[in-house]
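Accompanying notes for the structure given below.
The values are calculated or read from the model by the stated rules, or taken from the named source; none is laboratory data. Fair warning: this is a prediction, and the values are worked out from it, not measured in the lab. Glycine also receives a Cβ, built like all others from the backbone with ideal geometry; neighbour counts cover every protein chain displayed.
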Amino acid sequence: IPVRSPPLRPAPQHSSQDQCITSSGGGGLMYDIFIEKTFVPEQCVRAVKDGDYVRYHYNGMFPDGKKFDSSYDRSSTYNVFVGKKQLIAGMDKALVGMCVNQRSLVKIPPHLAYGKKGYGEIIPADSILHFDVLLLDVWNPEDGVQINTYHTPSNCSRKVEVSDYIRYHYNGTLLDGTLFDSSHTRMRTYDTYVGIGWLIAGMDQGLLGMCVGERRIITMPPSLGYGENGDGSDIPGQASLVFDVVLLDLHNTKDGITVTNQIIPESCTRKSVAGDFVRYHYNGSLLDGTFFDSSYSRNRTYDTYVGRGYVIAGMDEGLIGVCVGERRTVTIPPHLGYGEEGTGIPGSAVLVFDVHIIDFHNPSDTTEVIVTHKTEECVKQTKKGDFVKYHYNASLMDGSSIDSTYNYGKTYNIVLGANQVVPGMEEGLMDMCVGEKRHLVIPPHLGYGERGVTNEVPGSAVLVFDIELVDMEEGLPEGYMFIWNDDVATDLFTEMDKDKNEEVEPSEFTDYIMQQVNEGKGRLAPGFDPYRIIDNMFSNQDRDGDGKITEAEFRLKADEVSHDEL
Ligand SMILES: [Ca+2]
Ligand SMILES: [Ca+2]
């Protein structure tokens, strides 16, 4: 019917003040409205009172069931102030006390409806009217934002302030529970500045003071929401809005990084500076605790130069001034992290890194040598070429053990200066006395470098050695593998050529040298296989490589300047 809600226009004035709402006429005679509640919601946060604004649906019928009007036919709720005579008196009265989602069948006698005049051709005179009413919304012009916090996180170091940037999830519903929007269904947070007009006023106000992890319900009248016209799609005009919000993230663009939960080892003597190379473990999470990355899960440290822009700005800063072994939490706002885009993490996310510094060094570092035990007497100090026997305990800066000669019950033996150990160890073993103990800290470029040793030494690791020199054998002068202790025999060739065939065969050569060594007349370089040295000496002497040395070969070689000949 082409009727525009006649029963809801200002009604003819009847005096109804004195009438009792509980009375209803029997036998067709009604003195007051009669209300039959056909559905009562479990919860009623708020009941309509005079002066409230309501939105409701209705079907208007005559007692015989014949419909004369319906809001449903217009596909929009009827919206009106209650108790301001904008409705027929019976309706003004019936709405008071109703709850959202309550449904009532309201029967209104003529004198509280259109009385003797009726309404045009639609409502005859003296009509009793029935309205099937479903209340959907109620608010009052006095209303502000209502906040109901139903979950408070155990710790809250910071609350949302004006101009903060936040990320949150929400379900937006109308007062009757109709969902109109949800960030959850989009599977991404709503990210915005707060309190500076980027949001509807009710949200700008309702989100202030929130903690990360807090859950609250923010209810607002339309004046603080989408107003008289709604949002043009799912939010009708004059609708109260209810947002169920959980705050996930919070920062201010003025924020720098923050460093908290520091645990600094007492032994710390040095703090990292820009240009140092740091190896560290980390757990990365978002402010709400969501884990996003961990070096532990990869079972290897993250290694980088710091203060050089190789990592996100916040981490570059957060790794300056750290001690080896230190633990700290570095909280990084997105503009110092992965920005608005995010990279595998949500855009505009605050990052929380729990960092454990394993070690750091500088490419200019040298080997640190600390004498931990001095011997009272020291006749000789180690030098290049000496054969040294020592024990070591090798570990990383975090204390984890790599290897120890004590486990094998025997010393490690090397010739100093023969590149048999890493440069840092060569240095650490120099000028040492038997019985002396030292603590060595060896930077990776003097240790096992960027590659490390598979399954033993991580790449770029700083090494710690505690060493003890157990024994040493003095080496030969540099470059010599054999020297005479006494004067050289005058006719060496003849002495060697035992069978007098004018040739020195390998066996003759070897026997002769070994005899000199055993008799103390000569000395081979310590720490090497004597037979390999002698083989080399023979080869040097045997110029034509025919496996025997002639007297001519012997002389020729003797005239040259070299150390590996006799
Ligand atoms: Ca011979
Ligand atoms: Ca020869």
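Test SER163 against the stated conditions and say whether it is modelled with pLDDT under 95 and part of a loop (DSSP other than H, G, I, E, B). It is false that SER163 is modelled with pLDDT under 95 and part of a loop (DSSP other than H, G, I, E, B). Taking segment 193-222 as the range and being crowded, with 18+ Cβ neighbours inside 10 Å and of a type in the set (Ser, Thr, Tyr) as the test, only THR219 passes. Looking across segment 395-415, just one residue is more than 18 Å from VAL441 (Cα to Cα) and among the charged types (D, E, K, R), and that is LYS410. Can you find even one residue in segment 345-355 that is over 17 Å from HIS251 (Cα atoms) and touching a residue at least 12 places away in the same chain (Cβ under 8 Å)? Yes, the conditions are met somewhere in segment 345-355.
Which one of PHE493, PHE482 is within 16 Å of ligand 2 (Cβ to nearest atom), in contact (Cβ under 8 Å) with a residue 24 or more places away in the chain and crowded, with 17+ Cβ neighbours inside 10 Å?
Being within 16 Å of ligand 2 (Cβ to nearest atom), in contact (Cβ under 8 Å) with a residue 24 or more places away in the chain and crowded, with 17+ Cβ neighbours inside 10 Å holds for just one of PHE493, PHE482, which is PHE493.
Scan segment 392-402 for residues that are surrounded by fewer than 19 Cβ atoms within 10 Å (Cβ to Cβ) and under 13 Å from GLU468 (Cα atoms) and the total you get is 1. Residues of segment 258-279 include at least one that is at pLDDT 95 or above, touching a Leu at 6+ places or on another chain (Cβ under 8 Å) and in a strand (DSSP E or B). Within segment 403-432, work out how many residues are surrounded by 18 or more Cβ atoms within 10 Å (Cβ to Cβ), outside any helix (DSSP H, G or I) and touching a residue at least 24 places away in the same chain (Cβ under 8 Å). Result for segment 403-432: 6.
Restricted to segment 498-514, and to residues there that are away from ligand 2 (no atom under 15 Å from the Cβ) and among the acidic types (Asp, Glu), the residue that is surrounded by the fewest Cβ atoms within 10 Å (Cβ to Cβ) is ASP499.
Regarding MET537, is this residue within 16 Å of ligand 2 (Cβ to nearest atom) and over 26 Å from HIS391 (Cα atoms)? So MET537 passes the test. When restricted to residues that are under 21 Å from ASP176 (Cβ atoms) and either exposed (fewer than 14 other Cβ atoms within 10 Å of the Cβ) or touching a Pro at 6+ places or on another chain (Cβ under 9 Å) (or both), segment 53-65 contains 4. Scanning segment 360-379 for residues that are in a loop (DSSP other than H, G, I, E, B) and surrounded by 11 or more Cβ atoms within 10 Å (Cβ to Cβ), which turns out nearest to the chain's Cα centre (by Cα)? The selected residue is ASN362.
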